[in-house]
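The next block holds one structure in the form of structure tokens; read it before the comments.
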Amino acid sequence: MWRTVDVGVAQTGRMEPVDATAVEAAAQRLAQVVPVTPLQRSERLSARVGGDVWLKREDLQVVRSYKVRGAYNLIAQLSGPERAAGVVCASAGNHGQGLAYACSALGVHGRVYVPRTTPRQKRDRMAALGGDVVTVEVVGDTYDDAAAAALADAARTGAVLVPAFDDVRTIAGQGTVVREAVQQLGRTPDLVVLPVGGGGLLAGAVAWLGACAPETRVVGVEPAGAASMAAALAAGAPVVLGELDSFVDGAAVRRAGDVTFPLVRDSGAALLPVAEGRICVEMLELYQSDGIIAEPAGALAPAALGDVVHPAPGTTTLVVLSGGNNDVSRYAEVVERALVHEGRKHYFLVEFPQEPGALRAFLDDVLGPDDDITLFEYVKRSNRETGPALVGIELGRPEDLAALLERMAAAPPAIERVPPDSPLFRFLL
């Protein structure tokens with residue numbers, strides 16, 4: 001089921017294998033430079049699945065994500081003339097921070113192109129990590145704009161382009177995450193669950209596991225709204241997603257990598273989607289129960305356990321918690337998405353009669369004892385008999401919805417439920 005795939009490095013024309021030997025060599029380069037992150041048993045997740053679940057805490061990495069491993073492994077292998085030419089990359093956050101750290105450690109000048117949507121705290125962190133050798137360039141409104149600018153820079157200046165995932169050296173560096181975790185565990189896990197964006201981490205992991213732990217089952221988890229690797233496997237080649245939910249920004253990749261795809265395809269690893277709302281639920285549980293601040297992509301793999309990934313009872317599962325660069329201002333949206341996913345938050349359009357007491361009657365006749373109004377948008381118009389209101393209701397329990405809908409059906413106002421797939425939700429989430 002497993003085999004080594006020879007893939008090319010497009011920029012240099014070299015052909016290199018991605019295998020366990022490459023991952024071992026990457027681990028030697030990273031030693032003493034990139035810290036070893038903790039492996040911790042999760043009591044909560046272990047109880048959820050009835051087995052032994054271990055979290056590889058890459059959120060505690062020096063740049064709060066595993067991306068530094070691939071960036072450093074690539075830059076460390078550049079020739080003297082290539083280092084002199086400098087490096088360049090595009091990033092929405094984590095990869096740029098990894099490159100900045102690597103450039104500073106190796107004394108190589110670099111440029112990071114980011115879209116305007118990248119939070120200022122991430123831009124400032126890149127600049128701080130890179131010091132005098134890295135500059136951050138803000139270009140365009142999307143990651144694709146930044147990627148185009150980085151590619152043009154490399155063509156114009158001769159700088160080496162450092163891909164976030166689609167290069168054999170990046171892949172080998174990312175593969176050291178699982179190698180390190182298995183060594184810390186001291187035994188071969190039955191199952192490894194990994195987050196997937198462009199596929200660098202998964203490709204590096206299966207390259208090492210195929211030789212060193214061939215009996216281990218591997219599952220790659222993608223955001224449901226950005227499942228580019230699953231789309232590639234279905235099509236037989238990488239394809240561009242027509243629609244992309246960018247909420248899980250660290251794994252929201254529109255097209256899987258040309259280099260990563262054959263490695264994943266030939267490994268036999270399963271690819272499964274997880275709803276963005278379920279990821280939000282896991283982010284909150286990690287924070288409230290475990291004291292772990294995870295970004296959406298960081299919570300992607302643990303969110304799958306017990307939901308779409310079901311380890312056999314009593315087995316050992318290794319889960320990579322890939323990053324902790326979460327913007328605190330996003331937690332309001334995280335809570336909202338989590339409540340909607342759990343069935344506790346619902347929205348309705350209510351046609352209120354424009355007469356005294358209409359709202360009080362609605363509260364008395366429709367709301368249950370544990371229900372709460374969290375949003376009420378209403379504009380009174382004197383030339384109409386009724387006025388529409390957008391009403392958000394949070395239930396005490398998801399199973400209270402049926403009774404609420406029955407009371408609404410019996411109430412005088414015309415009430416229309418706003419489903420989560422409605423375009424109106426774009427204004428709410």
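The values are calculated or read from the model by the stated rules, or taken from the named source; none is laboratory data. From a predicted model like this one, the values you see are computed outputs, not experimental measurements. Cβ coordinates were reconstructed from backbone atoms using ideal geometry, including for glycine residues, and neighbour counts include every protein chain displayed.
Points to keep in mind about this one:
- Residues satisfying the stated conditions in the range 106-129, i.e. surrounded by fewer than 21 Cβ atoms within 10 Å (Cβ to Cβ) and either more than 28 Å from PRO296 (Cα to Cα) or assigned by TED's automatic domain parsing to the domain that holds VAL18 (or both): LEU106, GLY107, HIS109
- Considering the range 287-318, and only residues there that are free of Cβ contacts under 8 Å to residues at least 24 places away in the same chain and under 19 Å from ARG337 (Cα atoms), the residue that is nearest to the chain's Cα centre (by Cα) turns out to be ALA299.
- Residues of the range 266-283 satisfying the condition of being over 15 Å from the mean Cα position of the chain (by Cα) and surrounded by 19 or more Cβ atoms within 10 Å (Cβ to Cβ): SER267, ALA269
- Condition broken by GLU336, with the remaining ones in (1) over 15 Å from LEU428 (Cα atoms); (2) touching a residue at least 40 places away in the same chain (Cβ under 8 Å); (3) among the charged types (D, E, K, R) satisfied: (1)
- Boolean, LEU244 is under 21 Å from ARG41 (Cα atoms), surrounded by fewer than 21 Cβ atoms within 10 Å (Cβ to Cβ) and aliphatic (A, V, I, L, M): no
- In this structure, CYS103 does not qualify as closer than 28 Å to ASP266 by Cβ and at pLDDT 95 or above.
- Of the residues making up the range 119-142, those that are touching a Phe, Trp or Tyr at 6+ places or on another chain (Cβ under 8 Å) and in a helix (DSSP H, G or I) are LEU129, GLY130.
- In a residue-by-residue description of the range 407-426, the property of being over 18 Å from VAL335 (Cα atoms), without any contact (Cβ under 8 Å) to a residue 24 or more places away in the chain, surrounded by 11 or more Cβ atoms within 10 Å (Cβ to Cβ) and not small (Gly, Ala, Ser) applies to no position.
- Flag if LEU424 is closer than 15 Å to ARG344 by Cβ and under 37 Å from the mean Cα position of the chain (by Cα): no
- Qualifying residue in the range 383-390 (condition: surrounded by 13 or more Cβ atoms within 10 Å (Cβ to Cβ) and within 30 Å of GLU243 (Cα to Cα)): yes
- Any hit, the range 143-152, residues being closer than 12 Å to ALA90 by Cα, small (Gly, Ala, Ser) and surrounded by fewer than 18 Cβ atoms within 10 Å (Cβ to Cβ): yes
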